[in-house]
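Each remark here refers to the structure printed beneath this line.
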Amino acid sequence: MEEGPTIDDLPDVVFVALGRRGMEPIPLKECTYACDGKKLTVISVTKDPPSIQGSSIEVVVEDWLVECEKCKKRFTIRCKVRYVDGKMIDTMVSLLDDRGNDLGWLGSY
């Protein structure tokens, strides 16, 4: 039986640049709403496109629909993964609320 992606497949933190002051770690696996829930459950993961060709620069958008176990609200962790010649170079993470509104860029890993 093959299992799908779990919340453990995402990093614990993403990093946001602080100009000349370096990078600040931001927790990724927390509720984005006011409840401060620390436990998330993955509802679904979609990738567009589902696979890469392995040539040139390619961007894959992964949408992780998650639910907070404390407040039961859902939101999406959107990862824009950039590949160069088939190798992952970085990932930009943003959040979408339960209505699909983009809450902005959170950080990178």
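Just so you know, all these numbers are worked out from the coordinates, no wet-lab data involved. What you see is a predicted model; the values in this text were computed from it and never measured. Note that each Cβ is placed from the backbone with ideal geometry, even for glycine, and that neighbours are counted across all protein chains shown.
LEU28's amide H: which non-local residues (gap 5+, or another chain) put their own amide H closer than 5 Å, with H modeled 1.01 Å from N in plane and none for Pro or chain starts?
VAL13, VAL14
Starting from the Cα-Cα distance between GLU69 and SER51, subtract it from 0.36 nm times their residue separation and give me the gain in nm to one decimal.
3.4 nm
Spelling out what I want: for every residue of segment 43-50, take phi, set θ = phi - 60°, compute 6.51 cos²θ - 1.76 cosθ + 1.60 (Karplus), and round to whole Hz; glycine and proline get x.
My calculation for segment 43-50 gives 8, 7, 10, 10, 10, 9, x, x Hz in order.
How much net charge surrounds PRO50 when only other residues with a Cβ under 13 Å from its Cβ are counted (Lys, Arg +1; Asp, Glu -1)?
It works out to a net charge of -3.
Cysteines without a disulfide-compatible partner in the chain, using Cβ under 4.7 Å as the rule?
CYS79
Scan around GLY107 for amide H atoms under 5 Å from its own, H built in the peptide plane at 1.01 Å from N, and keep only partners 5 or more places away or cross-chain.
Those lying under 5 Å, H to H, from GLY107 are VAL93.
As an exercise, use a Förster radius of 41 Å and the Cβ-Cβ distance of LYS38 and VAL84 to find the FRET efficiency, rounded to the nearest 0.05.
The pair LYS38/VAL84 has a calculated efficiency of 0.75.
Rounded to two decimal places and with Rh computed the Kirkwood way over Cα pairs, what is Rg over Rh for segment 67-109?
In segment 67-109, Rg relative to Rh is 1.12.
Need one word for the chain: rounded, prolate or oblate. Basis is the Cα gyration tensor (sqrt eigenvalues a ≥ b ≥ c); a/c below 1.5 gives rounded, then a/b vs b/c decides.
Because a/c hits 1.5 or more and a/b fails to exceed b/c, the chain counts as oblate.
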